[in-house]
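Undergrad: Here it is, the structure in full.
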């Protein structure tokens, strides 16, 4: 029984990492309406920047992480403006954009590999002591990950429901043409969304690196398809759906690892996805506006 | 003149959609733009609201040249479009949809909301529902309501009768007349030429990107050429 509680705890940690990353991907998809295959590279960038700031540059870990997150956001904005936006302006064929982001992911991966090398990295901070909470057992790092993810989800919820930017993002995701004739500066909202998406990817990357302890320049990509599974499971472009999808995929994959072995975690994630989509092709939370 | 369009050209790639359109809308008028599918009616409205870039020509609104002004800034000047089809945010509640009408001004004024609810009592009953779950007629009411929340000087309506039952069409058109009586100028694009000409003070007939006839709504209703082309034959009797 205790192994089940333990894996349920791991599931919550994985769900937290997936929630951070899938919400970032989902927000961007909702607003711009195309899938960003280069998203995994932003997770890796988060890990590697934090590593550089805290290991060779000796900043305290919290400061390195706090600097990394907005840098990832800015890089995402630059990538959007320089690489993706010109394609969108030229008519935005979704298939072209898919291929462009795929190519971008290869380019970014190779740039990171050239800059940081092919070895394994680890942060100076460890996992911290084991703490027992009821039947659960978490390390300090894992509790921080869960806490940060929960706080960020509340923050995203408040952003979407209480702020002008959030309303504009929801409006663009629902009906882009109407958003423009409603007086929304769609360019500014798109840039803000990319910034937010980059920040969330950076934060998710740091959380992932803390959890897997040792990482490399491709570690973000390794998680990407599980992130896709969470996003699609929730209903593409649906932010709350992405949170729910992350929770389901995170918990089920970790608990299943007890029974079928941890090597099959991703397989389980996609098995869930296939089964759910057979029953509910629109995802757990269907979008009213999206085709 | 509230709106002056001068020799407007718009193209999609190499295909010219508007080949030099000139029209005027005076304050307080209802002006209709009728024509067949593909004549350029929707393109004209999209260009006026800033969704299409102009190849040549000029658009002036309240005396200001807005030809190259970004769409989101035109709303502030009092130019508001209700797009064709579902002109609303289907995933948001009816209330949030109406609130989006005041996006450029900040908070919604309770008086504006009351005005929309007075015009469309059905809308107030559905206030908490997601707009996408409403019937076609109710959706059109929310779409027009959203536009009214922005206090437009000029309301651009793109096919408000599309997909609605005849009874609802009559209702929507009488509400458009009421909105106009309350002081809002209306530029109306319609396939339903009979209804549109009956309502409009003046109208323009578009054919493949050019304006071919313009006159008062009543005169066009009696025009044999217009009747044959757009109103289904000669007048009865």
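Undergrad: Which residue, of A:137, A:142, A:127, is closer than 27 Å to residue A:49 by Cα and outside any helix (DSSP H, G or I)?
TA: The match here is A:127.
Undergrad: Separate question: Have a look at A:190, A:239 and point out the one that is within 14 Å of another protein chain (Cβ to nearest Cβ), buried (at least 22 other Cβ atoms within 10 Å of the Cβ) and closer than 30 Å to residue A:140 by Cβ.
TA: Checking each option against the conditions leaves just A:239.
Undergrad: Taking residue A:154, is it more than 10 Å from chain B (Cβ to nearest Cβ), under 19 Å from the mean Cα position of the chain (by Cα) and either under 25 Å from residue A:89 (Cβ atoms) or free of Cβ contacts under 8 Å to residues at least 40 places away in the same chain (or both)?
TA: yes
Undergrad: Considering every residue within the stretch A:200-216, establish whether at least one is touching a residue at least 12 places away in the same chain (Cβ under 8 Å), out of contact with any helix residue (DSSP H, G or I) (no Cβ under 6 Å at 6 or more places or on another chain), within 18 Å of residue A:22 (Cβ to Cβ) and crowded, with 24+ Cβ neighbours inside 10 Å.
TA: No, that holds for no residue.
Undergrad: Would it be correct to say that residue B:156 is assigned to a loop (DSSP other than H, G, I, E, B) and under 29 Å from residue B:112 (Cβ atoms)?
TA: no
Undergrad: Can you name the number of the only condition in (1) more than 16 Å from residue B:147 (Cβ to Cβ); (2) buried (at least 16 other Cβ atoms within 10 Å of the Cβ); (3) away from every other protein chain (no Cβ under 14 Å) that residue B:113 fails?
TA: Answer for residue B:113: the failing condition is (1).
Undergrad: Right, next: So which of A:15, A:19, A:41 is over 20 Å from residue A:269 (Cβ atoms) and buried (at least 22 other Cβ atoms within 10 Å of the Cβ)?
TA: Answer to the selection: A:41.
Undergrad: Restricting attention to helices (runs of 4 or more DSSP H) lying wholly within the stretch A:1-94, give those where 3 or more residues are under 19 Å from the mean Cα position of the chain (by Cα) and farther than 18 Å from residue A:125 by Cα.
TA: Those helices (runs of 4 or more DSSP H) span A:2-32, A:39-54, A:61-79.
Undergrad: Return yes or no: is residue A:180 within 14 Å of another protein chain (Cβ to nearest Cβ) and at pLDDT below 90?
TA: Answer is yes for this residue.
Undergrad: Here is a follow-up. Keeping to the stretch B:116-136, report how many residues are part of a helix (DSSP H, G or I) and either more than 14 Å from every other protein chain (Cβ to nearest Cβ) or in contact with a helix residue (DSSP H, G or I) (Cβ under 9 Å, 6 or more places away or on another chain) (or both).
TA: 12
Undergrad: Does the stretch A:167-174 contain any residue that is in a helix (DSSP H, G or I), within 14 Å of chain B (Cβ to nearest Cβ), surrounded by 24 or more Cβ atoms within 10 Å (Cβ to Cβ) and in contact with a strand residue (DSSP E or B) (Cβ under 7 Å, 6 or more places away or on another chain)?
TA: Checking the stretch A:167-174: not a single residue is in a helix (DSSP H, G or I), within 14 Å of chain B (Cβ to nearest Cβ), surrounded by 24 or more Cβ atoms within 10 Å (Cβ to Cβ) and in contact with a strand residue (DSSP E or B) (Cβ under 7 Å, 6 or more places away or on another chain).
Undergrad: Would you point out which residue out of A:161, A:101 is part of a helix (DSSP H, G or I), farther than 28 Å from residue B:154 by Cβ and within 14 Å of chain B (Cβ to nearest Cβ)?
TA: A:161
Undergrad: I'm trying to understand the selection: among the residues of the stretch A:97-121, which are touching a helix residue (DSSP H, G or I) at 6+ places or on another chain (Cβ under 6 Å) and more than 30 Å from residue A:213 (Cα to Cα)?
TA: Across the stretch A:97-121, the qualifying residues are A:97, A:100.
Undergrad: Quickly run through the stretch B:43-96 and pick out the residues that are under 23 Å from residue A:173 (Cβ atoms) and more than 9 Å from every other protein chain (Cβ to nearest Cβ).
TA: Within the stretch B:43-96, B:52, B:84, B:85, B:93, B:94, B:95 meet the criteria.
Undergrad: When you go through (1) free of Cβ contacts under 8 Å to residues at least 24 places away in the same chain; (2) touching a strand residue (DSSP E or B) at 6+ places or on another chain (Cβ under 9 Å) one by one for residue A:53, which number turns out not to apply?
TA: Of everything listed in (1) free of Cβ contacts under 8 Å to residues at least 24 places away in the same chain; (2) touching a strand residue (DSSP E or B) at 6+ places or on another chain (Cβ under 9 Å), residue A:53 misses just condition (2).
The values are calculated or read from the model by the stated rules, or taken from the named source; none is laboratory data. Predicted model, so just to flag it, every value in this text is computed and none were measured. As a convention, Cβ positions derive from the backbone with ideal geometry for all residues, glycine included, and neighbour counts pool all protein chains shown.
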